[in-house]
Amino acid sequence: MAERMPAVVFQGEGRWAVEERPVPRLRNPDDVLLQVEACGICGTDLHILEVPPGHPATPGVILGHEVIGRVVEVGPAVTHLRPGDRVAIAPNLYCGVCAFCQRGLYNHCERFTTLGIFLDGGLAPYEIAPARALFPISPEMPLERAIFTEVLSTVVGGTLQARLHPGEHAVVLGCGPVGLLFLQIFRASGAGTLVAADIAPFRLSFAQRAGADLVVNPREEDLEAVVRKATGIGADVVVDAVGSLLATALRLARPGGTVVLFGMNAQARAEIAQYEITRRELRVVGSYVGRHTFPLAIQMLERGVIQPEVFVTHRLPLDRFGEGLEHLRRGEAVKVMMVLKDVLE
């Protein structure tokens, strides 16, 4: 094994670089050393690199939290994994003992941290992760499908909040990977009319492949009128997969409907009339990361219930990370996958 490796490193507000770093070594009894097969670029990565940032991160950290890898070495306390196992990483780590963890609210842990955001992640050929964060996945699963494990697990948390019943109508605002996964799950769950909205025509074409009945560019059509015509009374469920569309989501939901706020942007602000929520008895819920959703996401992917590999638009080597970012920023990509398994071979 090589002693050093290239890595995409966050250098501070809006800045990143490919740097040479030492290959990490096991330090704790429950550590696992992984050789990274691939790492997806996520909307959170885009927010981290915005100016001002839409999501915090630790300067000097190796980015990348959507990771599929193979076990290279395990610490002495690791019993459920062995070298050669293929795994997906659940990057959000919790302490298990704080007041929120003891209530089962692990995603609100007082010591909550994330690999690839606050701790070194997977935009490098090798990564260290604690054994408790690793979930075995089928070695036969295509890499283009497996790479969606982490983001799908978070979307599962959102669909559980949505409580969409078969036949009910839904609107998904934003057709990036998150929005497209919501569409796929809603369609697989027997949804009625599915409406997808985005301002990027390229992404709207993928929404149709994800199962949307109607696709709308709000810059070209009256989205509220389209939803009203399609549903009669408004949508049963509206998902904001962008992180800044609360006011729009509230207008699209029927009285008694549900609005799921999933997308995150720390800079976004919305002016709303609370009266409308109260008078129309809207159910507004936030969905953050999800709890215990990794096993269900893996089952969906392994059984082919969800087949998101059609959303991979770019497979790039590590040294073309910047190119992947620009494709995403310009709305010319859906899922960009950085392939790393051959870097040190």
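The values are calculated or read from the model by the stated rules, or taken from the named source; none is laboratory data. As the structure is a prediction and not an experimental result, all values here were calculated from the model. Counting neighbours? That spans all protein chains shown, and the Cβs are built from the backbone with ideal geometry, glycine included. Quick note on the areas: whole protein, heavy atoms, side chains included, nothing else; ligands and nucleic acids left out. Shrake-Rupley method; radii C 1.70, N 1.55, O 1.52, S 1.80 Å.
Condition first: in contact with a helix residue (DSSP H, G or I) (Cβ under 8 Å, 6 or more places away or on another chain) and either part of a loop (DSSP other than H, G, I, E, B) or open to solvent by 10 Å² or more (accessible area, probe 1.4 Å) (or both). Now tell me which residues in the stretch 158-184 satisfy that.
Within the stretch 158-184, 159, 164, 169, 175, 176, 177, 178, 184 qualify.
If a residue counts only when it is in contact (Cβ under 8 Å) with a residue 12 or more places away in the chain, open to solvent by 30 Å² or more (accessible area, probe 1.4 Å) and not hydroxyl-bearing (Ser, Thr, Tyr), which strands (runs of 3 or more DSSP E) contained entirely in the stretch 208-271 have at least 1 such residues?
Ranges flagged: 214-216, 253-261.
Need the failing condition index for residue 40 against (1) open to solvent by less than 10 Å² (accessible area, probe 1.4 Å); (2) not in a strand (DSSP E or B), just the number.
(2)
Working only within the stretch 68-99, note down all residues that are open to solvent by less than 20 Å² (accessible area, probe 1.4 Å), over 15 Å from residue 132 (Cβ atoms) and not in a loop (DSSP other than H, G, I, E, B).
Of everything in the stretch 68-99, those that are open to solvent by less than 20 Å² (accessible area, probe 1.4 Å), over 15 Å from residue 132 (Cβ atoms) and not in a loop (DSSP other than H, G, I, E, B) turn out to be 68, 69, 86.
I'm checking my understanding of the structure. Among residues of the stretch 118-130 that are outside any strand (DSSP E or B) and either basic (Lys, Arg) or open to solvent by 10 Å² or more (accessible area, probe 1.4 Å) (or both), which one is farthest from residue 287 (Cα to Cα)?
120
Check the stretch 114-129 and report whether any residue there is acidic (Asp, Glu), more than 16 Å from the chain's Cα centre (by Cα) and within 25 Å of residue 338 (Cβ to Cβ).
Yes.
Out of everything in the stretch 272-291 that is of a type in the set (Val, Ile, Thr) and out of contact with any strand residue (DSSP E or B) (no Cβ under 8 Å at 6 or more places or on another chain), what residue ends up being surrounded by the fewest Cβ atoms within 10 Å (Cβ to Cβ)?
278
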